[in-house]
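Read the structure below first, then the notes.
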Number of protein chains: 2
Amino acid sequence: MKDPTEREIIQILTNQYIDQPSVPLGFDDDVSAIPFSRKTWIIVKTDMLVGSTDVPPGMTVQEAARKAVLATISDFAAKGVKPQALMVSLGLPAPAKKTTVQDIARGLGQAAREYHCKIIGGDTNQADDLIIDIAGVGFADPKTLVRRDGARPEDIVAVTGPFGRTSAGLRILISKREIDFVKYPSLVKAVRRPTARLAEGIALAKSHATTSSIDSSDGLAWSLHQIAQSSKVGISLHTIPVATEVESFAKEHRLSALELALYGGEEYELVVTIKPQSFNKLKRRVPSLKKIGTVEKKRFGVAAQIRGKQVTVEARGWQHFT
Amino acid sequence: MKDPTEREIIQILTNQYIDQPSVPLGFDDDVSAIPFSRKTWIIVKTDMLVGSTDVPPGMTVQEAARKAVLATISDFAAKGVKPQALMVSLGLPAPAKKTTVQDIARGLGQAAREYHCKIIGGDTNQADDLIIDIAGVGFADPKTLVRRDGARPEDIVAVTGPFGRTSAGLRILISKREIDFVKYPSLVKAVRRPTARLAEGIALAKSHATTSSIDSSDGLAWSLHQIAQSSKVGISLHTIPVATEVESFAKEHRLSALELALYGGEEYELVVTIKPQSFNKLKRRVPSLKKIGTVEKKRFGVAAQIRGKQVTVEARGWQHFT
């Protein structure tokens, strides 16, 4: 019997819960929801950072703690919901050093301040590895929240920024090649000090012109496939949004820039679909918004036609247990 | 520099957050709260179970998963709040076996059904150890929610059941002495299949006669000290509520039954204070309720006078990193 992958594990878990009354947002959406009233849902998201798998060499404990919060914030951003409060569950190897705890506290506090949410409680435990599990809580009007499954044919497919920085940055951190740290500081920063697109996500949701949205933490290709699959549509791309420094880095290291941009992970941009007549207006509010393709009626998955050449966009991305 | 204990770690963390606007419930209460309206607070609690420290030998993965949920439910019980929804963050060692994942799913689903709450989402990760972090979410009227700091002089101190079963049961599981498994099944069950006092907690809160409440997951002595300290009162006990089987087990193994009852942990009873005139009426609604002492004006901590003999109740209990 083959051992299950992360996505198979999630399938086994959710299969066990199918006898429950249905949930308002699917288990595969970025956040979960509890209906409170007709006009208000409570939005919850948990995201766990694990030292041995999620913290690359060269990343400080303070940066890891900040990033743990950011991963949760990014999912709220994708739905256009402001996170109000955070709960912090910690696992720390014993003995826990005072300075380590202080660094964790600083990283958590820093992220909370950056995104104007409050840490209201948590749980502290002894564990074999560093574990930082962040639960975020917020409120949303179900009519404003942007789901994964709302993309419609002719919608514009757009992203909030260029891709590939974290996969390139991760290679730099792992290789420890000093010259790359000097030449490509923005790639290293993308891994160590990422940014969540919260303001952008809220603006996109408020417009009521964003028909679907997902954060790209499992990679651009995977995010596009998720929208296509949930919305039962196809996605046709006319460009792959590769960051300029990633082009240079890829060229220098004989890597495929498209590969770095499509199949990275922990890249906290938003991948969205927008009503065609609203794109230009939205672009003025969210200047980083970049059109990369269109939604098609036919369910062919994701296809890309780049300068007349067909590029395959596979349904793969970052996952544990593989 | 001495390495910090669990409580010192929590202090370091919360000190970092003091620049934040104040929280409606203290960081030391059982749950955290987000005010939504004058009449409604959103209640959140996270509790992390770690395989290497929280799962004794002889406990199955399914039991561990059920217990992880139960620990969170118990904190809701102490505040008299019904948990509505659960988020499950998992860390699993790779490769994850399908049967292990199924057992975890079964344990989680079982607990959710027992306490009528719904699993609405989560996060799955690869980790070096089994991690099950449960976030619970519910709604409460702030006037009904029972805090830790409301005990007043002359209130009755009561518990929802007898103590010592989990500390005795844990000894049986660790020693693996077969005869004890046969003689003391209720002690083993207390560890492997504990119960949360959710119905009792809700009834106690609804009465508006319960002035303070805490769950006893860090031990009876610690819980009493927490109420005394938060409420700025003393607590005087006339009895230590030891379970009958714990008396027998302690006698047979030459252990102190009082020690087992006072300084255990992961025992999910409620420790409460009740307005004196309301105790008998409440006792009819919550039959397991047992009076063990009274609240005193003087802040002397916790003292016990058992059959004319002074028994010291120290401010210690279960904590990590010691």
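Laboratory data are not the source of any read-out in this text; all were calculated from the coordinates shown. Not measured: the values here are computed from a predicted model. Here Cβ is always computed from backbone atoms with ideal geometry, including for glycine, and neighbour counts include all displayed protein chains.
The mean number of Cβ atoms from other chains found within 10 Å of a Cβ in peptide A:53-62 is 1, as a whole number.
Dipole orientation for segment A:197-322: of the candidates A:222, A:278, A:256, A:278 has the Cα lying most toward the positive pole (charges on Cβ; Lys, Arg +1; Asp, Glu -1). In this rough spin-label picture, where each label sits 7 Å from Cα along the Cβ direction, the residue B:116-residue B:206 distance is 0.9 nm.
Put in line by how crowded their Cβ is, counting other Cβ atoms within 10 Å and starting with the fewest, A:210, B:211 read B:211, A:210.
Compare A:102, A:84, A:11 in a GNM of chain A, Cα atoms joined below 10 Å, and give the one with the largest fluctuation. Maximum among the listed residues: A:11. A protection proxy built from the mean count of other Cβ atoms within 10 Å ranks the segments B:240-247, A:43-50, B:169-176, A:297-304, most packed first, as A:43-50, B:240-247, B:169-176, A:297-304. Antiparallel DSSP bridges in segment B:234-322: what percent, to the nearest 5? Antiparallel bridges make up about 75 percent of those DSSP assigns within segment B:234-322.
Each Lys and Arg contributes +1 and each Asp and Glu -1, all at the Cβ; summed about the Cα centre of the protein assembly as shown, the dipole is approximately 1840 debye. Each residue of segment A:190-198 was assigned a 3J(HN,Hα) from its phi angle through the Karplus curve 6.51 cos²θ - 1.76 cosθ + 1.60 (θ = phi - 60°); the sequence is 4, 7, 7, 9, x, 10, 9, 8, 5 Hz, with glycine and proline shown as x. Using the Cβ-Cβ distance between residue B:238 and residue B:288 with R0 set to 22 Å, the FRET efficiency from 1/(1 + (r/R0)^6) comes to roughly 0.75. Shielding value for B:139-150 is 0, the average number of Cβ atoms from other chains within 10 Å of each residue's Cβ. Say we join alpha carbon atoms closer than 10 Å with springs in a Gaussian network model of chain A; which of A:153, A:95, A:142 then has the biggest fluctuation? The residue with the greatest mean-square fluctuation here is A:95.
Karplus-derived 3J(HN,Hα) values for segment B:71-82, using 6.51 cos²θ - 1.76 cosθ + 1.60 with θ = phi - 60°, are 4, 6, 4, 4, 5, 5, 4, 4, 8, x, 10, 7 Hz; glycine and proline are entered as x. Remark: mean inter-chain Cβ contacts per residue of A:25-33 equal 3, using a 10 Å Cβ-Cβ cutoff to other protein chain atoms.
Taking the centroid of alpha carbons for each part, segment B:140-190 and segment A:232-250 are 58 Å apart. Taking every DSSP bridge with both residues inside segment B:30-140, close to 75 percent are antiparallel.
Here's the picture: a label point sits 7 Å out from the Cα of residue B:189 along the beta-carbon direction, and within segment B:149-176 the residues with their amide nitrogen under 20 Å of it are B:160-174, B:176. Measuring r between the beta carbons of residue A:254 and residue B:106 and using R0 = 35 Å, the FRET efficiency lands at 0.10. For trypsin sites (Lys or Arg not before Pro), the sites in segment B:59-156 that DSSP calls loop and that have at most 11 other Cβ atoms within 10 Å are B:143. Close amide H pairs (under 5 Å, H built 1.01 Å from N) link residue A:292 with A:157, A:158, A:159, residues at least 5 positions away or on another chain. Helical content alone sets the calculated 222 nm signal of chain B at -11000 deg cm²/dmol, taking -39,500 (n - 2.57) per DSSP H segment of four or more residues and averaging over every residue. Measuring nothing but how far apart in sequence close Cα pairs (under 8 Å, 6+ apart) lie, relative to its length, chain A scores a relative contact order of 22 percent. Close amide-amide hydrogen proximity is noted between residue A:320 and A:6, each under 5 Å apart and 5 or more residues distant or on a separate chain (H modeled in the peptide plane; Pro and chain starts excluded). Close amide H contacts of residue B:268 (hydrogens built in the peptide plane, cut-off under 5 Å, sequence separation of 5 or more or a different chain): B:195.
Note that segment A:50-61 has calculated 3J(HN,Hα) couplings of 10, x, 5, 10, 10, 10, x, x, x, 8, 7, 5 Hz, one per residue in order, obtained from phi through the Karplus relation 6.51 cos²θ - 1.76 cosθ + 1.60 (θ = phi - 60°); glycine and proline are x.
What does a probe at residue B:27 reach in segment B:1-15, counting residues whose amide N is under 14 Å from the point 7 Å along Cα→Cβ? Correct set: B:5-15. The simple Förster model, with R0 at 30 Å and r as the Cβ-Cβ distance, assigns residue B:11 and residue B:298 a FRET efficiency of 0.70. Just checking the listed ones, B:15, B:125, B:280: in the Gaussian network model of chain B with Cα springs under 10 Å, the one fluctuating most is B:15.
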